[in-house]
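Enquirer: Mind having a look at this structure? Questions to follow.
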Amino acid sequence: MKRIIFSIVMWIYALFQALLFVAVVLPIFLVVIAPLSWLKYLLFRPKKPRVVWAPVPIINIHYNVRADRVSGYESDSVVYQTYHIVHKDLFTYNLTKWYQNHLTSFLVPLGTFLWASWRYDLFNFFYIGGFLYPNPLIKFFEYPLLRLAGKKIIVYPYGADVRLEDITRALGKYHCYSFHPKGYSERPAWIVRADIKAAALWANLMVSMGDMIEYTPGSRNDVFYWPIDTDAWTPQYPDPKKKAVTIVHAPNNRIVKGSDYLIDIVKRLKKEGYPVELDLVEKMPNEVAKQHYAKADIFAEQFLIGWHGFTAIEAMALGKPVLCYIRKKSYLPKGINCPIVNTNPDTLYETLKNLITDGALREKLGRQGREFAEKFYSLKAGGKRLAKIYREVWGGDVASVRGKD
């Protein structure tokens with residue numbers, strides 16, 4: 001009964017917000033913001049657009065903003081709330097205080113949409129949607145309205161925003177739904193499909209990466225939009241002479257990351273007499289987790305999804321050998337060797353045994369990982385890739401933007 005009442009209240013809330021959008025926000029946008037934006041672009045079109053990343057509060061957008069600024073762009077991040085593991089001050093505009101206030105929460109998406117659509121020129125969103133995404137009654141108006149005002153939109157996936165059960169289960173033996181019952185979905189499939197279709201219809205560019213390209217046909221897959229400040233991650237390479245080996249694993253979801261396979265194999269190795277310990281890093285702030293990563297001799301990322309996450313890049317920046325299941329070689333960057341050790345539940349036992357007994361290999365892989373992170377995922381390198389697509393989108397060369405794969 002409580003769920004029904006809650007659902008009714010939320011729909012009433014959404015309806016009221018939608019009415020306010022139609023009665024107030026839409027007229028302001030159409031009469032003031034859209035025409036003045038076009039006038040501004042016709043008279044004073046800047047060489048570099050003002051850029052915004054929003055509104056999903058993942059740590060990546062903090063680094064994306066910094067990478068943009070390294071390339072000379074005015075760039076900000078805007079979020080409505082933050083996760084407990086991510087420091088709230090990492091984002092340029094953190095609206096948690098107002099979004100969690102019952103008196104002002106319904107105004108935050110509307111006001112932010114108006115403010116941002118005047119202030120910024122290029123919008124970096126995730127497939128889940130833009131500033132209006134919390135309300136399903138109005139979220140799909142945002143893309144066409146921004147395009148009407150001459151704004152540019154680039155859409156990226158973070159994972160759950162594009163993942164679909166039917167496609168996931170068809171990927172092979174191992175995938176992130178391997179231990180979920182049939183019919184399971186992180187988000188309703190019809191909403192995910194609608195979000196992807198909206199991006200395909202209205203975004204200037206769809207970007208994807210790794211296994212997420214399976215869900216986003218027509219996306220550009222050479223941007224690798226996860227830069228990191230390598231200067232802030234001082235390498236601490238594994239000691240090749242160390243006998244007792246520490247494996248660090250930091251799952252945000254044990255079922256999806258295949259953690260049970262790792263746990264069972266480490267137990268087996270310990271019973272067989274191998275000097276190994278497993279450090280599970282869960283529900284910790286990023287800075288605390290970083291201290292655990294620094295003590296790793298081996299960093300175990302995930303073994304089901306088929307692509308690495310941001311923690312793998314952090315671990316490589318620290319100079320740690322990284323284990324991860326990469327489903328297809330085509331997911332990886334071209335023209336540079338990625339030193340991640342590709343392993344899945346079938347090969348994990350032998351992979352771990354080999355690394356536990358070979359200290360020189362651990363150190364070698366750690367150094368290769370650090371070099372890879374510096375060359376490919378530094379703020380400068382990531383900023384160059386982002387700047388390239390910004391120039392193409394802002395310059396209007398749609399054929400160039402969509403022609404890359």
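Enquirer: Tally the residues that are closer than 20 Å to PRO144 by Cβ and not in a helix (DSSP H, G or I), restricting the search to segment 28-74.
Expert: 4
Enquirer: Still on this structure, I have one more. Of the conditions (1) touching a Pro at 6+ places or on another chain (Cβ under 6 Å); (2) among the charged types (D, E, K, R); (3) under 30 Å from SER219 (Cα atoms), LYS334 fails just one. Which one is it?
Expert: In the conditions (1) touching a Pro at 6+ places or on another chain (Cβ under 6 Å); (2) among the charged types (D, E, K, R); (3) under 30 Å from SER219 (Cα atoms), LYS334 misses (1) alone.
Enquirer: Examine segment 212-220 for a residue that is assigned to a helix (DSSP H, G or I) and touching a residue at least 60 places away in the same chain (Cβ under 8 Å), and state whether such a residue exists.
Expert: Yes, because at least one residue in segment 212-220 is assigned to a helix (DSSP H, G or I) and touching a residue at least 60 places away in the same chain (Cβ under 8 Å).
Enquirer: Another question, if that's okay. Starting from segment 345-356, keep only residues that are in the same structural domain as LYS257 (by TED's automatic domain parsing), then list their pairs with residues that are of a type in the set (A, V, I, L, M, F, W, C) and not in a helix (DSSP H, G or I) whose Cβ atoms are within a distance under 7 Å, requiring at least 6 positions of separation or different chains.
Expert: PRO345/PHE303; LEU348/PHE303; THR351/LEU323; THR351/VAL341; LEU355/ILE298; ILE356/VAL245; ILE356/VAL276
Enquirer: Starting from segment 230-243, keep only residues that are under 16 Å from GLY369 (Cβ atoms), then list their pairs with residues that are of a type in the set (Ser, Thr, Tyr) whose Cβ atoms are within a distance under 8 Å, requiring at least 6 positions of separation or different chains.
Expert: So the pair list comes out as THR230/TYR377; THR230/SER378.
Enquirer: Name the residues in segment 75-92 that are in contact with an Asp or Glu (Cβ under 8 Å, 6 or more places away or on another chain), under 25 Å from LYS384 (Cβ atoms) and part of a loop (DSSP other than H, G, I, E, B), would you?
Expert: THR92
Enquirer: While we're looking at this one, here's another question. It is to be established whether one or more residues within segment 3-16 are in a strand (DSSP E or B), under 30 Å from the mean Cα position of the chain (by Cα) and under 22 Å from ALA160 (Cβ atoms).
Expert: Within segment 3-16, none of the residues are in a strand (DSSP E or B), under 30 Å from the mean Cα position of the chain (by Cα) and under 22 Å from ALA160 (Cβ atoms).
Enquirer: In the list LEU269, LEU201, which residue meets the criterion of being over 15 Å from PHE303 (Cβ atoms), hydrophobic (A, V, I, L, M, F, W, C), outside the structural domain of THR351 (by TED's automatic domain parsing) and not in a loop (DSSP other than H, G, I, E, B)?
Expert: Within the list LEU269, LEU201, the selection yields LEU201.
Enquirer: Only residues in segment 8-23 that are farther than 11 Å from PHE106 by Cα count as the first member; pair them with residues that are modelled with pLDDT of 95 or more and part of a helix (DSSP H, G or I), Cβ under 9 angstrom, at least 6 apart or cross-chain, and list the lot.
Expert: Final answer for the pair search is none.
Enquirer: Still on this structure, I have one more. Pairs needed: first member in segment 63-87, at pLDDT 95 or above; second member anywhere, assigned to a loop (DSSP other than H, G, I, E, B) and of a type in the set (S, T, N, Q); C-beta distance under 7 Å; at least 6 residues apart or different chains.
Expert: Pairs found: VAL65/THR92; ASP76/THR92; SER77/THR92; VAL78/THR92.
Enquirer: With the checklist (1) modelled with pLDDT of 95 or more; (2) assigned to a helix (DSSP H, G or I) in hand, flag the one item VAL401 doesn't pass.
Expert: (1)
The values are calculated or read from the model by the stated rules, or taken from the named source; none is laboratory data. Remember, predicted model here, so these are calculated numbers, not experimental data. Glycine also receives a Cβ, built like all others from the backbone with ideal geometry; neighbour counts cover every protein chain displayed.
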